[in-house]
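Nothing in this text is a laboratory measurement; each read-out follows from the coordinates by a stated rule. Predicted, not measured: the structure shown is a model, and the values here were computed from it. Don't worry about glycine lacking a Cβ; one is built from the backbone with ideal geometry, like all the others, and counts go over all protein chains shown.
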C-alpha cells in the first residue's frame, strides 16, 4: 500500500479509472469520492468502488494522503478552494488535467503550504465519459507526465517519488517535465488534433451539398477517426482550449502556415513535395506503433462490464 487513503475529486472516465486501477494494484486503502453531479454519485455508489461518496469536497479530502483532482481544468482551482481547509498536512495533491501551467498555479494558490502540490497528466483516455466508462487497465503502458513545482523541501522530493511509484504500480510509464514545455507538447500531440477533429466534423455537417445521412453512410476510416475524437467530452475540451490558449494558438499558427504550403503544393502539382511529406509522416506513425502508444491497440475496456477491475471495498 502506497497511500492509506485516497480522495478523488470528480469521478468521470479518468477519476474512476484511477480508483479501479489503484484498487486492482492494491496501492490504496480507503477511497473517498467528491462529486458534484447527483447522477454520477448514484452511479459511483451503485458500482461500489468507493468507501465514501459525497458532494462535500472537504469531507472527501479529510485525512486523505493522496488527493486527485479529476474535474475539468477550469474547475480545478474552485474545487481546490472548497477543499483546502480540510487537507491533511503532508498530503500529496495532484491532478489529471491536460494543461499544467494554469492548473498548477491554481492548485498551489488554493491549498496550504503544508501539502505537496505535484501536478500530473496521464496521457490516456477515450471518447467515453462518466463513472461507468472507467476501467483498471486504462493506464497500462501509457505515459504519465509529472510537472513538479519549485520546492526545495526534501519532503517534496519524497512525495514526488511516492507519486511516481503510485503511477508505476498502475502500469504507467512516468516522466517529469517543465509545466510550460508540457503544455506546448500537448498542444501539438493532443489539443490541436482535437481542434482539427471538431472543426472538420463541423465543416462536413455544415456543407449544404452533403447531407447528414451521407456523412454517416459513406464515412471512410479517416473521417470515422475524426468523429471518434470529436465525440470527446465538450466541457473538458472547452476548458482545455481556454486554459492552454497561448500554446494552442502558437501551434495553430504554425499548422496554418504548413497547411497553406501544402495547399500550394497541391495547386501547383508538386508531387515530390507531397510524397516527401506523406513518407515522413508515415514514419512518425510507425514510430508511435513501435513505441506501443497506438490508442487503438490494445483496446482495453471497450467491451468490459462497467464494474470490471473495481472490486467492492
Problem set entry | Against the rule of thumb 2.2 N^0.38 Å, how large the Cα Rg of the stretch 49-189 comes out | 1.01
Problem set entry | the chain: relative contact order in percent, alpha carbon pairs under 8 Å with at least 6 residues between | 21
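What is the stretch 68-181's relative contact order, in percent, from Cα pairs under 8 angstrom and six or more apart in sequence?
24
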Problem set entry | For 167, 143, order by how many other beta-carbon atoms lie within 10 Å, fewest first | 143, 167
Seminar exercise, completed: Rounded to the nearest 10, the angle in degrees between the Cα long axis of helix 192-206 and the longest principal axis of the Cα atoms of the chain comes to 60
Exercise. Applying 1/(1 + (r/R0)^6) with R0 = 35 Å to the Cβ-Cβ distance of residue 276 and residue 37, what FRET efficiency is obtained, to the nearest 0.05?
Worked result: 0.10
Problem set entry | Acute angle (nearest 10 degrees) that the helix 234-243 long axis makes with the longest principal axis of the chain, alpha-carbon atoms | 90
Problem set entry | Rounded FRET efficiency, nearest 0.05, which uses the C-beta distance separating residue 56 from residue 205 and R0 of 30 Å | 0.15
Problem set entry | GNM flexibility winner over the chain from 224, 142, 23 (Cα, springs under 10 Å) | 224
Problem set entry | Neighbour-count ranking [beta-carbon atoms within 10 angstrom, fewest first] of 252, 259 | 259, 252
Exercise. Taking other Cβ within 10 Å of each residue's Cβ, how do 137, 35 sort, fewest first?
Worked result: 137, 35
For this session: Mind pulling the per residue volume of the convex hull built on the Cα atoms of the chain? Å³ is fine.
Result: 144
Exercise. How far, in degrees from 0 to 90, does helix 13-25 lean away from the longest principal axis of the Cα atoms of the chain, to the nearest 10?
Worked result: 60
Exercise. Which number do you get for Rg(Cα) / (2.2 N^0.38 Å) in the stretch 1-119?
Worked result: 0.95
For this session: Beta carbons within 10 angstrom, averaged per residue: use that to sort the peptides 185-192, 65-72, 103-110, highest first.
Result: 65-72, 103-110, 185-192
